[in-house]
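Below is one structure, written out as structure tokens, with a few remarks after it.
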Amino acid sequence: MHNWSIRISALWRHPIEGTENSISRAYGSYWTSTGRPSQAGLEKDAIAILEWISKRHLNREVNVILYGHSIGAGVACFAAANNQNSNLKIRGVLLETPFTSVSDMLRTLYPQKWLPYHYMSPFLRSSWNIRDYLSQISNKGEKPRIMIVQAENDEVVDKRMAPEIQNMANQKGFTVDYFTVPGALHFECMGYRGFPGWVSTFVARCISMS
């Protein structure tokens, strides 16, 4: 969901057999969206998109694969954890360069304990705690497949976060596909020549679960 306008167009250039539609929502104040970005707003957007899909297909079951990049990984996991639409089956969650939580990112960006930022987690307006979301998803019964893509030289997200998410997902009983893009920075994974193939294979595996 982060940088979706670029990423969705890239996926369209590599159509995936068995899929029908791709739906995206730009953050408030980005692209043609109005308002301002906030966790509460993005949560409402995520729920609204799922409800919109559900209402358009009331009489049939719909397989859904959620995708999020960076902070969007938290939005995707939130959506999977809070889907209340019985006709929507979350078959997969694709997380590109995810981070564990906003508070962990704060400590990553400001690791010096003598800086006040290190202790400001209780005052953050956003949390996006993927650990919590994975726990919630695992308690819903049928677990979606998870794909994690890490940028080898990520200059934004700590390199330990993606493996931590993978380990927790494995512990919770999820099936996880994990990839590292060699030499990539935070925004470069989708440009890797192997990326479309990874996604196509992942989507095919998710669809086969239905």
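The values are calculated or read from the model by the stated rules, or taken from the named source; none is laboratory data. Bear in mind that the values here come from a model prediction, so they are computed numbers and not experimental data. As a convention, Cβ positions derive from the backbone with ideal geometry for all residues, glycine included, and neighbour counts pool all protein chains shown.
General observations
- Within the stretch 130-186, restricting attention to residues that are part of a loop (DSSP other than H, G, I, E, B), under 21 Å from Arg205 (Cα atoms) and out of contact with any Phe, Trp or Tyr (no Cβ under 9 Å at 6 or more places or on another chain), the residue that is modelled with the lowest pLDDT is Gly141.
- Residues that are farther than 22 Å from Met190 by Cα and at pLDDT 95 or above, drawn from the stretch 55-78: Phe78
- Tally of residues being in contact with a helix residue (DSSP H, G or I) (Cβ under 9 Å, 6 or more places away or on another chain) and either under 23 Å from Val64 (Cα atoms) or touching a residue at least 24 places away in the same chain (Cβ under 8 Å) (or both) across the stretch 192-210: 3
- Members of the stretch 80-129 found to be under 24 Å from Ser54 (Cα atoms) and part of a helix (DSSP H, G or I), listed by number: Ala80, Ala81
- One residue stands out in the stretch 48-59 among those that are part of a loop (DSSP other than H, G, I, E, B) and of a type outside the set (A, V, I, L, M, F, W, C): the one that is nearest to Asn82 (Cα to Cα), namely His57.
- Some residue of the stretch 40-47 being within 28 Å of Trp198 (Cα to Cα), assigned to a helix (DSSP H, G or I), modelled with pLDDT of 65 or more and charged (D, E, K, R): yes
- Candidate set from the stretch 162-177 (those that are surrounded by 16 or more Cβ atoms within 10 Å (Cβ to Cβ) and not hydrophobic (A, V, I, L, M, F, W, C)); member that is nearest to Asn139 (Cα to Cα): Lys172
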